[in-house]
1. Would you mind stating whether residue 224 is surrounded by fewer than 20 Cβ atoms within 10 Å (Cβ to Cβ), out of contact with any helix residue (DSSP H, G or I) (no Cβ under 8 Å at 6 or more places or on another chain) and either farther than 30 Å from residue 106 by Cβ or at pLDDT below 95 (or both)?
2. Which residue, of 14, 52, is at pLDDT below 70, over 25 Å from residue 128 (Cα atoms) and either touching a strand residue (DSSP E or B) at 6+ places or on another chain (Cβ under 8 Å) or surrounded by 14 or more Cβ atoms within 10 Å (Cβ to Cβ) (or both)?
3. Which condition does residue 213 not pass, out of (1) surrounded by 17 or more Cβ atoms within 10 Å (Cβ to Cβ); (2) modelled with pLDDT of 95 or more; (3) under 12 Å from residue 80 (Cβ atoms), if it passes all the others?
4. Output the residues belonging to segment 192-202 that are more than 15 Å from residue 163 (Cβ to Cβ), surrounded by 20 or more Cβ atoms within 10 Å (Cβ to Cβ) and either modelled with pLDDT of 95 or more or touching a strand residue (DSSP E or B) at 6+ places or on another chain (Cβ under 6 Å) (or both).
5. Of the residues 96, 128, 61, 113, which single one is out of contact with any helix residue (DSSP H, G or I) (no Cβ under 8 Å at 6 or more places or on another chain) and modelled with pLDDT of 95 or more?
6. Just to check your reading of the model, which residue among 39, 43 is surrounded by 18 or more Cβ atoms within 10 Å (Cβ to Cβ), at pLDDT below 95 and under 17 Å from residue 144 (Cβ atoms)?
7. Is there any pair linking a residue in segment 211-234 that is closer than 18 Å to residue 126 by Cα to one that is modelled with pLDDT under 80 and surrounded by 12 or more Cβ atoms within 10 Å (Cβ to Cβ), with Cβ under 8 Å and at least six apart or on different chains, and which?
8. Within the bounds of segment 62-74, is there any residue that is farther than 23 Å from residue 181 by Cα and not in a strand (DSSP E or B)?
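The values are calculated or read from the model by the stated rules, or taken from the named source; none is laboratory data. In this text, all values refer to a predicted model and were calculated from it rather than measured experimentally. So basically every Cβ, Gly included, is an ideal-geometry build from the backbone, and we count neighbours across all protein chains shown.
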């Protein structure tokens, strides 16, 4: 007798992330059907009028160049969330699903939008920590599944950033070209992102608390626990 898996895995009949009418087929992309506040909404088939209702929640992005402290601050944010400091919000390091990028980086980013959509169905907003920025999400199929996108960044002085990158082990590949790219990415954040958090003067727990306060401000949720304030982010 054959095992349940011997028939093979199901082959998807649509591109990853495509949202289309189940009656009219893959060639009929659903269109967003927004409400005034952008929170409770759905999608509608332009051909037959079939509606797919869903709830959208805000998506928050915490970005920054390599060396700005994303990994350590994300770990502190996760602990803060475990202690109830981020009610109504799930926290993820985007590298958790980086293996999906083997299918293409847009597929990887679109997967995060779909996961955020699934969490919204459970009443949760999503905070993604990593190198995904809003412009990379704007034209993806699942963008209509999430609510407003809010963007903040981690930052530190250039000399501190360079030293952090130089102090990394050799396998991290922090050569001159990589360091120059990260300095450019830091400059881009300073010119494009209004909400930034300094990881040089404050430790990971304190920075995480500042980020959590921003998240609670966006979501309109209560104040969380007070942070520790020692050490520096790397």
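1. Working: surrounded by fewer than 20 Cβ atoms within 10 Å (Cβ to Cβ): yes; out of contact with any helix residue (DSSP H, G or I) (no Cβ under 8 Å at 6 or more places or on another chain): no; either farther than 30 Å from residue 106 by Cβ or at pLDDT below 95 (or both): yes.
No, not satisfied.
2. On the way: 52 fails: at pLDDT below 70.
Exactly one of 14, 52 is at pLDDT below 70, over 25 Å from residue 128 (Cα atoms) and either touching a strand residue (DSSP E or B) at 6+ places or on another chain (Cβ under 8 Å) or surrounded by 14 or more Cβ atoms within 10 Å (Cβ to Cβ) (or both), namely 14.
3. Against the list (1) surrounded by 17 or more Cβ atoms within 10 Å (Cβ to Cβ); (2) modelled with pLDDT of 95 or more; (3) under 12 Å from residue 80 (Cβ atoms), residue 213 comes up short only on (1).
4. 197
5. Working: 128 fails: out of contact with any helix residue (DSSP H, G or I) (no Cβ under 8 Å at 6 or more places or on another chain); 61 fails: out of contact with any helix residue (DSSP H, G or I) (no Cβ under 8 Å at 6 or more places or on another chain); 113 fails: out of contact with any helix residue (DSSP H, G or I) (no Cβ under 8 Å at 6 or more places or on another chain).
Only one candidate passes the filter, namely 96.
6. Values: 39 fails: surrounded by 18 or more Cβ atoms within 10 Å (Cβ to Cβ).
Of the residues listed, the single one that is surrounded by 18 or more Cβ atoms within 10 Å (Cβ to Cβ), at pLDDT below 95 and under 17 Å from residue 144 (Cβ atoms) is 43.
7. 212/224; 213/224; 216/224
8. Going through segment 62-74, the residues farther than 23 Å from residue 181 by Cα turn out to be none.
So far as segment 62-74 goes, no, none of its residues is farther than 23 Å from residue 181 by Cα and not in a strand (DSSP E or B).
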